[in-house]
Amino acid sequence: MICNSRPIEDVTLLSICDNMSTPKDLGNLLYHSAVIGGLSIGYTMVGKKLFKMKPADLGRLDLEDSTRLVGTVALSLWTQDMLVKQGIIPASIIKAAVAPSIPVG
C-alpha cells in the first residue's frame with residue numbers, strides 16, 4: 001500500500017500520511033472530541049437521573065455495559081450531526097486556508 005509515494009511501512013503512527021500533522025487538523029480533532037465527550041457525559045447524566053440507569057462500568061464491560069456505552073456514543077454522534085446540519089454548532093472551528101485566486105488572462 002502506498003501513501004504519499006511512500007510504502008506504508010515507512011509511515012509512523014503519529015504522521016499517518018501526514019493527514020493529522022497540521023495545527024488545523026489537531027485543533028478540529030480536539031474540538032470534535034470535546035463535543036462528543038460533553039454530549040456523552042450529558043446523556044449519561046440524563047439517563048442516570050431520569051431513567052434511573054446506571055452508567056456503563058468500564059472495568060467490567062460485559063454485554064449490557066458495552067451496549068450502554070455504544071448507545072451513548074452513537075446518540076452523541078447523531079446529536080452532533082443534527083446540530084451541525086441545523087447550523088447550531090460549526091462543523092470545524094478552524095477553517096482551511098483558502099489559496100488566493102490568480103486571474104487568468
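Taken together, the values in this text are just the output of simple stated rules run on the coordinates, not laboratory data. Quantities reported herein were computed from a predicted structural model and do not represent experimental measurements. As a convention, Cβ positions derive from the backbone with ideal geometry for all residues, glycine included, and neighbour counts pool all protein chains shown.
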Arrange the following residues from fewest to most other Cβ atoms within 10 Å of their Cβ: SER92, SER76, SER33.
SER33, SER92, SER76
Can you run phi through the Karplus equation (6.51, -1.76, 1.60; θ = phi - 60°) for the range 22-34 and list ³J(HN,Hα) in whole Hz, with x for Gly and Pro?
8, x, 4, 5, 5, x, 5, 4, 5, 4, 5, 5, 5
Can you figure out the FRET efficiency of THR22 with ILE89, using R₀ = 25 Å and their beta-carbon distance, to the nearest 0.05?
0.70
Below 29 Å, Cα to Cα, which lysines can LYS49 reach? Residues fewer than 8 away in the same chain don't count.
LYS85
Could you give the length gained by full extension between LYS52 and LEU77, i.e. 0.36 nm per residue of separation minus their alpha carbon distance, to one decimal place?
6.7 nm
